[in-house]
Amino acid sequence: MNATTRLALAGLSRSPGRTLTRILVLAVATALLGAMILFIGNSLQTMASGAVRSVPLDWQGPALSYSEAQRISGAVARQPGISQSSATATAPLAGAISTGAAGVTRSGGGSVLAVPPRYLSQIKTFRLLQGTLRPGQVVLDQQMAATLQARIGGTVRLQPARGARPVSYKVSGVAIVTAPDTLFQPLNPVVGPAPAQPPANIAILSLRTFAKTYAPSLRNITPANVGSNVQPGAQTGVQWQVQVQLYPGPLSSGSPTAAFKLADQTRNRVERSLPGQIQFVDNLSDGLNTAAADSLFAIALYIMLALPGALIALGLAYLAALGTVERDRRDLALLRAHGATRRDLLSMAGIESTVIGLLAGLFGAGLAFVAVSAVVTGGVGLTVTRIAVTAAACVALAIGGAAAARIGASLSVLRASVADSRRTGRREGKPLWQRLYLDWIALSISGLIYWLTASTGFSAVVNPDSNPTLSLSVYMFFAPALLWIGATLLLVRLRARGIAWLADRASGTSFDSGKRFLLASVARRGPAINRGLVVVGLLLAFGVNLGIFSATYNQQSSIDAQLTLGADIAVAAPPGVVGSKHLASRIAAVPGVRSTTALDHSYAYIGPDLQDTYGIDTSNFAGATTLRDSYFLGDSAASAIAKLSSTPDGILVGRETITDYSLNTGDLLRLRVLDRSTGRFHVVPFHVVGVVQEFPSAPKDSFMVTNLNYLQTVSHGTGPNVVFAKTAGTPSTIGQAVAAATRVDGTVVKNIDQQGRVTASSITTVNLSGISRIEQLFAILLAAGAMGLFVSLGVAERKHEFATMAALGAPLRQVASFLWSEVALVLIAGLALAAGLGFLLSEMLVAMLQHAFDPPPDALAIPWMFLGALAGAAILGGLFSTALAMRQLRRLPLGSILREQ
Amino acid sequence: MTPASATSGHLGSTENLTVTHGSDQTRIDALSDVSLSIEPGDCIALWGRSGSGKTTLLHALGGLVGPTSGTVWRHGEPLSSLDAAARGEARAGGIAYVFQGANLLPYFTSFENVAFAAAQRRRAGESIAKRAEEMLGLVGLLPKLESLPAELSGGEAQRVAIARALAQDPDLLLCDEPTGHLDSDTGTRVLDLILRLREEFGFALVIATHDAAVAARCDRTIELNDGRIASGGLGK
């Protein structure tokens, strides 16, 4: 160990308190960064695994024949990464007849799915409710079974096409088909996934039985006529296909982008290995592409929210190191006076920084692991790579932060003379940036950019191309960044001017109260106060911005999730069940359910466009969900529902439809509505009563809302098929109770909590609650810590000065007032900066991300409890540390301090 | 050894004063069994080499350092048994220091440094500002009223320190190597100034110094060696 290293280590061990403070502050700062890395990594992995899980069927490749489908399926199954490869088929169903105890019952058209044995081992496109699939027999979708009143053991006759001879099958089971839109979509690999309107009736046969008994009546679908099955009932032939599921493990281990690339590469490899034989419609990549785009949006959000926090935390670490700079300067100046070279001083600073950084980085990484594990439900799934990356980043940041401050101090010693660097209390000049008015310039440019960007529309857009990218206008980031810089500089300028003004006014007054001494001190300690003010103020502003934005985001997330799901709890039921089993009233009886409403979700043609149609019960609909005035154009929610209620054949249509078909309120609108009794669409008259642009559970565009009774009458339906419930408690818990109470009826129950995690819209997909909880926790701790650090550093820096005051006979109260005054100044100015800057930044951020908010927020949500905790932490931190400092001042060893020169 | 009753009536005195620093293995006896008395108008040099206990003795006389054993008296009151606040009041009541490195308050101007000291012992009806100006005038630094300590030379800073001490209207001025950081010419001028002011104001002066020439200019010299009085203890 050479002399420089020994000297550096001796310096650290000689002042254990100072060294420990620097390590702790750096550790907390790096922990924030570490927590960010862990959370983002975990969040991306969760998004990837969620996207992989949400795809029921990864690939579908059309084949020309049964034998070819089987051959290709076998070849694909042998490829690495393939979990399951099955030859399957879909075919049209012209109609079905059931003969049982209830007599002869008929159903309309639909589709047939043919699958091999063990099909359900990895592919989850349907699940059996009763019985099983046997060779030579049929499994009916529950809706078809209900329509035909068919039971296991009964016989149904399926007619493949009009004029074709029906084929009889014994019913061996009842199933619920969970992914009909994917299963029966037209398979055109060039076009890609195109989820189709689900068929009303679905029968499932074993593949061998299908090939022998059903397929011979139909022609095979070829690439030339693939698009013919795009509408329900339009498929005219047999679509032989190879369905493939990949191993989810490798896809779920990284980010959605990595999973997307892996899935794409696997598909290309499989297709290349079977040239000209198979091309897949890639449902998985489609889902992952959306998730990858969402993940980019998430990263952008996390960075915008978390990066300022990490930078400010680093500033706090810098403050910790700079706080001792005067003492370091004196030490270094003494060393220099004793002959130490510049290289020696820099080496010593480097060694000190490395030791402090290493310890702080490792401690910070550990702190990050603990914080994230405690805050994120289910933990963060630590891997060796993630641990290594986090620890390395924390150590690098800590060493960098420690070195920046320490070497900065060393450089100032090297530049100044030995005598100069031993002096403190220089007169504060006007810095260059103040002379150049950089604060005002930054604020003006920020405002200008914001105005320009707002006036031309913000353009944060996710491009869902093959390589997802996030199109963000670079200018957008300049506005908040310049606002941060400008507001901070302005605060520093105002602090200096304000104190100078006060000092000027006080200069004519007497010394009786001691205020003049306080003002003189505060006025000349600008750099020291500014350091505390900037770090504390920015830290609080970061906390305010984080709190307001997160609260607004969560509020809009909840609104968006409710709009997507329809209500706190949405229950989908098989046809006829809602009415016959009194589902709405039974759900209303479940504890925690406040109110329910039943509605019918079906489809109707307006011209050539098929649109979602909702039949609602106007008497209780508004009570079971949330209707906002912004959902309707030209009417309030209450008025629109009242108009619908007073017009039996009334209908609310979308704005696009109004425009496209030149409609006005009161116009007659003829729709083609599915007649459940015949399975055919027929024309029904409606009258337009209003315009709707958003509606619970409705898609973003092209939908209609009408009266439930009228819709039931004209469609000869079996009653509502959906129940909405409003809860008075935790939706997920109550949802489980509802599911338990209605499981026997074959219901699918969703709640708003789970909806927030699976819905496809960006705002609800990206879960900010974890990272904002972590950052809020850090913000509160750092706010208290920053004030404590400011006070303790003030005492450390001014110990000699305070001892001199005491030697002159100044009472402790007067000495302490020099601390109190600075703490009060930093707190008041910091809180003022936080309130103004934090609010402005939140406004700006919400405006910049307005495309993600659907509907946009009416006003920012203010998390008073968090803001109170944040301000309270800063105030209590200041009070507590000042009280401790007074205790320290009371016990100052005056003799030994005054000996120090 | 003089009984306490014999020393308690002086301007200041110590009785069997012992001050130790550290504990056990690191224990250092800074002062051992030191007894001395200071009468009004005395001019005493505490003479000895570095580490002999001069500064510790000065600090003990002003209550900046507490004794390990023994007593420090001030106007017949046991200064060393008072709490920190009361010792501060006692200093404000007439004990002033001039430190080796001036120890000016770094964020105050010369004027404010002196005014701050004057404010600690303010007489009824007296203007602090006026007194501060007067004191700075006495040391010839009126042109430097608004200068910060960092803007003063070593000699100027020490003269401000002297003005600051005078502003407290002391009856006992304790100077710790007041010329130690100065060149010989400046040092001589500063010493001349202190002695002249003692003549003018009549306060008792105790100067800690390792310089025999400085000690020679005082009326009485107490030699300290390893924390003990080697010569010139009680009495002239």
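The number of residues in region A:1-22 being aliphatic (A, V, I, L, M) and closer than 21 Å to A:PHE790 by Cβ comes to 1. Taken over region B:141-170, the residue count meeting the criterion of being away from chain A (no Cβ under 12 Å) and not aliphatic (A, V, I, L, M) is 6.
Kindly establish whether A:VAL474 is modelled with pLDDT under 65, surrounded by 20 or more Cβ atoms within 10 Å (Cβ to Cβ) and either away from chain B (no Cβ under 14 Å) or farther than 28 Å from B:LYS130 by Cα (or both). So A:VAL474 does not fit the description; no.
For A:VAL791, the stated conditions do not hold, so it cannot be described as at pLDDT below 85, more than 14 Å from chain B (Cβ to nearest Cβ) and either more than 29 Å from the chain's Cα centre (by Cα) or assigned to a helix (DSSP H, G or I) (or both). As a summary of the residue check, B:VAL72 satisfies the conditions (1) open to solvent by less than 10 Å² (accessible area, probe 1.4 Å); (2) closer than 24 Å to B:ILE194 by Cα; (3) in contact with a helix residue (DSSP H, G or I) (Cβ under 6 Å, 6 or more places away or on another chain) except for the one numbered (2). With the condition being among the β-branched types (Val, Ile, Thr), within 18 Å of A:THR718 (Cα to Cα) and touching a strand residue (DSSP E or B) at 6+ places or on another chain (Cβ under 9 Å), I'd like the strands (runs of 3 or more DSSP E) fully within region A:581-684 carrying at least 1 qualifying residues. Hits in region A:581-684: A:593-606, A:609-616, A:668-675. Of the residues screened, A:LEU546 is one that is outside any loop (DSSP other than H, G, I, E, B), touching an Asp or Glu at 6+ places or on another chain (Cβ under 6 Å) and surrounded by 24 or more Cβ atoms within 10 Å (Cβ to Cβ).
Whenever a residue of region B:42-70 is facing chain A (nearest Cβ under 9 Å), its partners that are of a type in the set (Lys, Arg), lying with C-beta atoms within less than 7 angstrom and at least six residues away or across chains, give the pairs B:THR55/A:ARG899; B:GLY62/B:ARG91; B:GLY63/B:ARG87; B:GLY63/B:ARG91. In region A:234-268, the qualifying residues are those that are among the small types (Gly, Ala, Ser) and not in a helix (DSSP H, G or I), and the one that is surrounded by the most Cβ atoms within 10 Å (Cβ to Cβ) is A:SER255.
In the set B:ILE194, B:ILE222, only one residue is over 18 Å from B:LEU105 (Cβ atoms) and outside any helix (DSSP H, G or I); that residue is B:ILE222. Taking the numbered list (1) over 16 Å from the mean Cα position of the chain (by Cα); (2) crowded, with 17+ Cβ neighbours inside 10 Å in turn, B:LEU174 passes all entries but (1). Looking only at region A:39-78, residues that are among the charged types (D, E, K, R) and in contact with a strand residue (DSSP E or B) (Cβ under 6 Å, 6 or more places away or on another chain) come to 1 in all.
Each residue in region B:116-135 was checked for being more than 9 Å from chain A (Cβ to nearest Cβ) and either of a type in the set (Phe, Trp, Tyr) or within 19 Å of the chain's Cα centre (by Cα) (or both), and 1 of them qualify. Being in contact (Cβ under 8 Å) with a residue 12 or more places away in the chain, in a helix (DSSP H, G or I), under 19 Å from the mean Cα position of the chain (by Cα) and more than 7 Å from chain A (Cβ to nearest Cβ) is a condition met by at least one residue of region B:97-115. Only a single item in (1) surrounded by 21 or more Cβ atoms within 10 Å (Cβ to Cβ); (2) within 14 Å of chain B (Cβ to nearest Cβ) is not met by A:GLU797, and it is number (1).
Quick check: anything in region A:648-655 among the hydrophobic types (A, V, I, L, M, F, W, C), touching a residue at least 12 places away in the same chain (Cβ under 8 Å) and open to solvent by 40 Å² or more (accessible area, probe 1.4 Å)? Checked region A:648-655: no residue is among the hydrophobic types (A, V, I, L, M, F, W, C), touching a residue at least 12 places away in the same chain (Cβ under 8 Å) and open to solvent by 40 Å² or more (accessible area, probe 1.4 Å). Of all the residues in region A:800-832, those that are within 14 Å of chain B (Cβ to nearest Cβ), among the hydrophobic types (A, V, I, L, M, F, W, C) and either assigned to a helix (DSSP H, G or I) or surrounded by fewer than 20 Cβ atoms within 10 Å (Cβ to Cβ) (or both) number 10. Hey, any hits in region B:78-87 for a residue that's more than 11 Å from the chain's Cα centre (by Cα), open to solvent by less than 40 Å² (accessible area, probe 1.4 Å) and within 12 Å of another protein chain (Cβ to nearest Cβ)? Yes, that holds for at least one residue. Within region A:38-52, the residues that satisfy the criterion of being farther than 14 Å from A:ALA298 by Cβ and either in contact with a Phe, Trp or Tyr (Cβ under 6 Å, 6 or more places away or on another chain) or surrounded by 23 or more Cβ atoms within 10 Å (Cβ to Cβ) (or both) are A:LEU38, A:VAL52. So for region A:105-116 (the condition being in a loop (DSSP other than H, G, I, E, B) and closer than 25 Å to A:SER67 by Cα), does at least one residue qualify? Yes, because at least one residue in region A:105-116 is in a loop (DSSP other than H, G, I, E, B) and closer than 25 Å to A:SER67 by Cα. If you go through region A:162-194 and keep only what is among the charged types (D, E, K, R) and either outside any loop (DSSP other than H, G, I, E, B) or in contact with a strand residue (DSSP E or B) (Cβ under 6 Å, 6 or more places away or on another chain) (or both), you end up with A:LYS170, A:ASP181.
Only one of the numbered conditions (1) among the β-branched types (Val, Ile, Thr); (2) modelled with pLDDT of 80 or more; (3) under 19 Å from A:ALA10 (Cβ atoms); (4) open to solvent by 60 Å² or more (accessible area, probe 1.4 Å) is violated by A:VAL370, and that is (3).
The values are calculated or read from the model by the stated rules, or taken from the named source; none is laboratory data. None of these values were measured; they are calculated from a predicted model. Ideal geometry is used to build each Cβ from the backbone, glycine not excepted, and the neighbour counts take in all protein chains shown. The accessibility values were calculated without ligands, DNA or RNA, using every heavy atom of the protein model including side chains. Shrake-Rupley method; radii C 1.70, N 1.55, O 1.52, S 1.80 Å.
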